[in-house]
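Quick notes on the structure that follows.
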Ligand SMILES: [Zn+2]
């Protein structure tokens, strides 16, 4: 049987999936990444041996694998096969493809995790039927994956697209990238938590403060729970937060003119409510005159997006005749 092996490398787990040529997820498994306790060689070896074992459990072996696709956080280069940098894992200038080749001699393709997830949503999920899709992943940070003509767009050096690091406020909040005022610093879960905490500080008697106390902490959900309890302070925090999304979103539309913008990530539970809070404003701000309007949807593939996107990447690379 001919299948793709889709691998999704994360900070805590590595997910492995068997994906059919029609991109059905046939089976999946996961192992701990052990990013804190193991060196890149050990992680890579354990990952490949797990793939081999998992294939055997499905009465398959590496000979059945058309190609391996792998998505991972940070800068991972498809052309050179180098995993050059990531914040949460020990890989630095690491020849990952060369190391994986010791176990699997076929084609192995790499993509950044946000790009690969966008590819999956574009082909199989909320962006199905569109050729130009952007996916925004709102979590601790803000990931952006840009799909142009059904292919990942990552620039000439494969380092893009980092749309979370466009500045929306000069001299604004410090961002982890070293700049100030990046979109990510305002609309990531961390940004929302900071804005929520500041509002609680200024309004200790608010319902918002009460909700945080009941939760025992402030998280990305706090402000939404307080809005549900008709808290005017939470309404203001949410409105401002939505405005930050709106401004960046209009920039994004002006830059890429995507047919579909997909919202994913940990803050996705806010879903339609979040989209409705900024959608019209973003469309009004963007340069859209007498042309079809971009649409917004929430991501639908959830945790499987990484595995599926990696398999689609492998299939696309084979179709495009890429041999590395
Ligand atoms: Zn930044």
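Step by step: first the residues of region 279-321, then only those that are part of a loop (DSSP other than H, G, I, E, B) and touching a strand residue (DSSP E or B) at 6+ places or on another chain (Cβ under 7 Å), then the one that is farthest from residue 106 (Cα to Cα). Which residue is that?
That would be 294.
So which residues in region 172-193 are surrounded by fewer than 17 Cβ atoms within 10 Å (Cβ to Cβ), in contact with a strand residue (DSSP E or B) (Cβ under 7 Å, 6 or more places away or on another chain) and over 28 Å from residue 232 (Cβ atoms)?
Once the filter is applied, which keeps residues that are surrounded by fewer than 17 Cβ atoms within 10 Å (Cβ to Cβ), in contact with a strand residue (DSSP E or B) (Cβ under 7 Å, 6 or more places away or on another chain) and over 28 Å from residue 232 (Cβ atoms), region 172-193 yields 174, 179, 180.
So that you can scan it fast, the table gives a plain yes or no per residue for (1) surrounded by 16 or more Cβ atoms within 10 Å (Cβ to Cβ); (2) within 16 Å of the ligand (Cβ to nearest atom):
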{"site": "95", "(1), (2)": "no, no"}
{"site": "122", "(1), (2)": "yes, no"}
{"site": "144", "(1), (2)": "yes, yes"}
{"site": "170", "(1), (2)": "no, yes"}
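The conditions are (1) touching a helix residue (DSSP H, G or I) at 6+ places or on another chain (Cβ under 9 Å); (2) within 24 Å of residue 129 (Cα to Cα); (3) crowded, with 16+ Cβ neighbours inside 10 Å, and residue 255 fails exactly one of them. Which is it?
For residue 255, the failing item is (3).
As an exercise: evaluate residue 196 against (1) under 30 Å from residue 85 (Cβ atoms); (2) away from the ligand (no atom under 11 Å from the Cβ); (3) buried (at least 19 other Cβ atoms within 10 Å of the Cβ) and give the number of the one condition it does not meet.
The single condition residue 196 does not satisfy is (1).
With 53, 22 as the choices, which residue is more than 18 Å from residue 73 (Cα to Cα), assigned by TED's automatic domain parsing to the domain that holds residue 96 and part of a loop (DSSP other than H, G, I, E, B)? Don't jump to the end; show me each part of the working.
Working: 53 fails: part of a loop (DSSP other than H, G, I, E, B).
After applying the criteria, what remains is 22.
Considering each residue of region 219-243, count those that are closer than 21 Å to residue 266 by Cα and assigned to a helix (DSSP H, G or I), and give that number.
Step one: list which residues in region 219-243 are closer than 21 Å to residue 266 by Cα, which gives 219-228, 234-235, 237-243.
Then drop every residue that is not assigned to a helix (DSSP H, G or I), which leaves 222-228, 234-235, 237-243.
Total satisfying the criteria: 16.
Taking the conditions exactly as written (surrounded by 22 or more Cβ atoms within 10 Å (Cβ to Cβ) and either under 24 Å from residue 147 (Cα atoms) or touching a helix residue (DSSP H, G or I) at 6+ places or on another chain (Cβ under 7 Å) (or both)), does residue 250 satisfy them or not? First the steps, then the outcome.
Working: surrounded by 22 or more Cβ atoms within 10 Å (Cβ to Cβ): no; either under 24 Å from residue 147 (Cα atoms) or touching a helix residue (DSSP H, G or I) at 6+ places or on another chain (Cβ under 7 Å) (or both): yes.
No: the conditions fail for residue 250.
So which residues in region 202-218 are surrounded by fewer than 16 Cβ atoms within 10 Å (Cβ to Cβ) and either touching a strand residue (DSSP E or B) at 6+ places or on another chain (Cβ under 6 Å) or assigned to a loop (DSSP other than H, G, I, E, B) (or both), if there are any at all?
Correct list: 204, 205, 216, 217.
The values are calculated or read from the model by the stated rules, or taken from the named source; none is laboratory data. Just so it is clear, the structure is predicted and the values come from calculations on it, not from any experiment. With ideal geometry, Cβ positions are generated from the backbone for all residues, glycine too; neighbour counts draw on all protein chains shown.
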